[in-house]
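Step one of this worksheet: look at the structure below.
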Amino acid sequence: MQISRDILTRSYRAMRTIRDFEERLHVEFATGEIPGFVHLYCGEEASGVGVCAHLSDTDTIASTHRGHGHCIAKGVAVDGMMAEIYGRQTGVCRGKGGSMHIADLSLGMLGANGIVGGGPPLICGAALSHKLLKDNGVAVAFYGDGASNEGSTLESLNLATVWQLPAVFVVEDNGYGEATGASYACAGTQKDRAAGFGMPYFECDGTDFFAVYETAGEAIAHARSGKGPAMLHVHLSRWYGHFEGDAMTYRAEGEVAKERAEHDCLVNFRKHVTEISLLEASALDDIDAAVKSEIDAAVAAAKVAPLPEEADLMRDVYVSY
């Protein structure tokens, strides 16, 4: 399919930003300066970006505990995200959410979520709002193979079909629910699960941006047209552990190295667009340099930003509408 130069450029920048953001966090977390847990999205960049390339600020998404990539793909500011992860007042949630609870409702980002299977029910509510308001919006839930077994996810698939909601359920299947292989823990197939709830099923290689972009476009167009929900099954691999500090002893020797060498979505994107002259290598190099500077500045600013104070403890707990 034909993709405009603007979309290609923005998509590469988003994937590069996610990669550099996560790789930098991998280094910074080891210093002990970042509180809480961190779950990295490296290796999965094409999925979040390929899906969100079809969305606007008025569309909504719900994420997972591994949510940095989805946030960046939806347009959340990198400096505000980094400050949030460091627990600083300048964070997008004023330092109260941390890595697993970054949200920006102004961009339709309902939040990363520490509850496995917590996102699908949220997007049912968001999709119902889109339907009742007739704003042509869609709601997207990202969740993993582990969350696909949660009752909250299965109930959401049912509800979305019953109410014919403009919702897309994106299964980011990296093969492991924490340390448990999907082949051991997930009965049947995701395709059969979608069929069981009467919704169309789409499937793609999550390490190929172009495959994700095209397939996600079909699933989102289906939901946006008023035909009800759809499931998008994305096959990919995470390069780091379930969380920072995970020794990954459950993965085969050389498994991750092979994924890095053969299925790097950024390398494959660059190779494809330069070989057929869609983008110039020099333009991609400029993006790489700009993103590195942006990440450096975000880390430097986060480290010196003020921490929340005692007076902030009860602020923002309740909101008056």
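The values are calculated or read from the model by the stated rules, or taken from the named source; none is laboratory data. The shown structure was predicted, so the numbers you read here are calculated from the model rather than taken from an experiment. Cβ atoms come from the backbone with ideal geometry, glycine included; neighbour counts cover every protein chain shown. The area values use the complete protein model at the heavy-atom level, side chains included, leaving out ligands, DNA and RNA. Shrake-Rupley method; radii C 1.70, N 1.55, O 1.52, S 1.80 Å.
Just one of the listed residues (Ala230, Ala283, Ala305) is open to solvent by less than 80 Å² (accessible area, probe 1.4 Å), in contact with a strand residue (DSSP E or B) (Cβ under 8 Å, 6 or more places away or on another chain) and more than 19 Å from Tyr176 (Cβ to Cβ), namely Ala230. From the list Gly125, Gly114, the lone residue that is at pLDDT below 95, open to solvent by 30 Å² or more (accessible area, probe 1.4 Å) and more than 23 Å from Ala297 (Cα to Cα) is Gly114.
Let's see how each residue does on (1) crowded, with 19+ Cβ neighbours inside 10 Å; (2) touching a Gly at 6+ places or on another chain (Cβ under 8 Å); (3) of a type in the set (D, E, K, R):
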{"site": "Gly36", "(1), (2), (3)": "no, yes, no"}
{"site": "Cys42", "(1), (2), (3)": "yes, no, no"}
{"site": "His68", "(1), (2), (3)": "yes, no, no"}
{"site": "Ala73", "(1), (2), (3)": "yes, yes, no"}
{"site": "Gln89", "(1), (2), (3)": "no, yes, no"}
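The set of residues from the stretch 207-264 being in a helix (DSSP H, G or I), over 24 Å from Leu55 (Cα atoms) and touching a residue at least 40 places away in the same chain (Cβ under 8 Å) comprises Glu259, Arg260. For the stretch 233-247, name all the residues that are farther than 13 Å from Val38 by Cβ and open to solvent by less than 40 Å² (accessible area, probe 1.4 Å). Within the stretch 233-247, His233, Val234, Leu236, Ser237, Trp239 meet the criteria.
Under the condition of being open to solvent by 40 Å² or more (accessible area, probe 1.4 Å) and touching a residue at least 24 places away in the same chain (Cβ under 8 Å), the residues counted in the stretch 177-195 number 6. Filtered by the rule that a residue be outside any loop (DSSP other than H, G, I, E, B) and either touching a residue at least 40 places away in the same chain (Cβ under 8 Å) or in contact with a strand residue (DSSP E or B) (Cβ under 6 Å, 6 or more places away or on another chain) (or both), the stretch 308-321 gives a lone residue, Asp312.
Of the helices (runs of 4 or more DSSP H) contained entirely in the stretch 2-101, those carrying at least 2 residues that are over 25 Å from Arg260 (Cα atoms) fall at 5-29, 78-85.
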